[in-house]
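> One structure, pasted below without further comment.
The values are calculated or read from the model by the stated rules, or taken from the named source; none is laboratory data. Keep in mind that what you see is a predicted model, and the values were worked out from it rather than measured. Here Cβ is always computed from backbone atoms with ideal geometry, including for glycine, and neighbour counts include all displayed protein chains. Note: areas computed on protein heavy atoms with side chains; ligands, DNA, RNA excluded. Shrake-Rupley method; radii C 1.70, N 1.55, O 1.52, S 1.80 Å.
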Amino acid sequence: MKSWKLRMAVLLLCGCLTGAPPAVAGPRSEVVFNIETDQKLIALTFDDGPNPVYTPQILDLLKEHGAKATFFVLGKRVQSFPQIAIREVNEGHEIANHTFDHHFLKNVSPDKLKEEIRQTQEVIFDITEQMPHVFRPPGGFYDDALIDLAREDHFTVVMWSWYQDTKDWRRPGVRKIVDTVLSNVHNGDIILFHDLEGDCSQTVESLRQILPKLKEQGYQFVTVTDLMQRTYGK
Ligand code: ZN
């Protein structure tokens, strides 16, 4: 058995024993969109990275504000920029699985995506020694078969709060991104950003404005796993 598979088995066993987020009956209800909580907690998430130029800038801002986030990385990008993935882990952020090559479910079979999820686990573990247990499907496209396959590998499938889709990948302007987040913010929100290949300068600039504003309002920025465990793990 390869080491990462063994590690995954151990982690899964530990997760069962230490109060990992509870599963709720039924495939649909197992997909997490946001967390009901009375605590002022926010989960910032960044998809499709790492990006060699912009992810370090995002990490600098998160560090400046004492914020933790979750990076839904692509296996191929982690292979290309391993030092950034290592930095994410070393600075206390969560690495989560977003497949290897970002195929949408409408274009490939659930089995192909499962193969990519496993390939990505292997890459992430080899480089960071972390074994993600959170998965987000590319584009947010899923069906029952994909959820079942993710469950077989004991992933929690995490999407985002529907009103917290910044659509930053379209580069709609910093003001639009900032307004989307600040005008809708609630406890337990999961906010969607991207550190994808290409120009992410609007994402970085938006974050530079959003972080101090939400901090002023008393929000704390935590990983998605921390958000789930603080809410359900009591
Ligand atoms: Zn994506």
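> Taking segment 71-84, which residues are within 16 Å of the ligand (Cβ to nearest atom) and open to solvent by less than 50 Å² (accessible area, probe 1.4 Å)?
71, 72, 73, 74, 75, 77, 78
> Sticking with this one: For segment 206-222, does any single residue satisfy the condition of being in contact (Cβ under 8 Å) with a residue 60 or more places away in the chain, touching a Phe, Trp or Tyr at 6+ places or on another chain (Cβ under 9 Å), within 20 Å of residue 136 (Cβ to Cβ) and β-branched (Val, Ile, Thr)?
No: zero hits.
> OK, next. Just give me the residues in segment 151-209 being among the hydrophobic types (A, V, I, L, M, F, W, C), open to solvent by 40 Å² or more (accessible area, probe 1.4 Å) and either more than 18 Å from residue 48 (Cα to Cα) or more than 16 Å from the ligand (Cβ to nearest atom) (or both), in sequence order.
Hits for segment 151-209 are 162, 182.
> Additional query: Quick check on residue 58: is it more than 10 Å from the chain's Cα centre (by Cα), within 16 Å of the ligand (Cβ to nearest atom) and aliphatic (A, V, I, L, M)?
Values: more than 10 Å from the chain's Cα centre (by Cα): yes; within 16 Å of the ligand (Cβ to nearest atom): yes; aliphatic (A, V, I, L, M): yes.
Considered against the rule, which asks whether it is more than 10 Å from the chain's Cα centre (by Cα), within 16 Å of the ligand (Cβ to nearest atom) and aliphatic (A, V, I, L, M), residue 58 comes out as yes.
> For segment 90-108, does any single residue satisfy the condition of being open to solvent by 60 Å² or more (accessible area, probe 1.4 Å), more than 15 Å from the ligand (Cβ to nearest atom) and over 14 Å from the mean Cα position of the chain (by Cα)?
Within segment 90-108, one or more residues are open to solvent by 60 Å² or more (accessible area, probe 1.4 Å), more than 15 Å from the ligand (Cβ to nearest atom) and over 14 Å from the mean Cα position of the chain (by Cα).
> Going by the conditions given, is residue 132 under 15 Å from the mean Cα position of the chain (by Cα) and either of a type outside the set (Ser, Thr, Tyr) or closer than 21 Å to residue 167 by Cβ (or both)?
Criteria met by residue 132.
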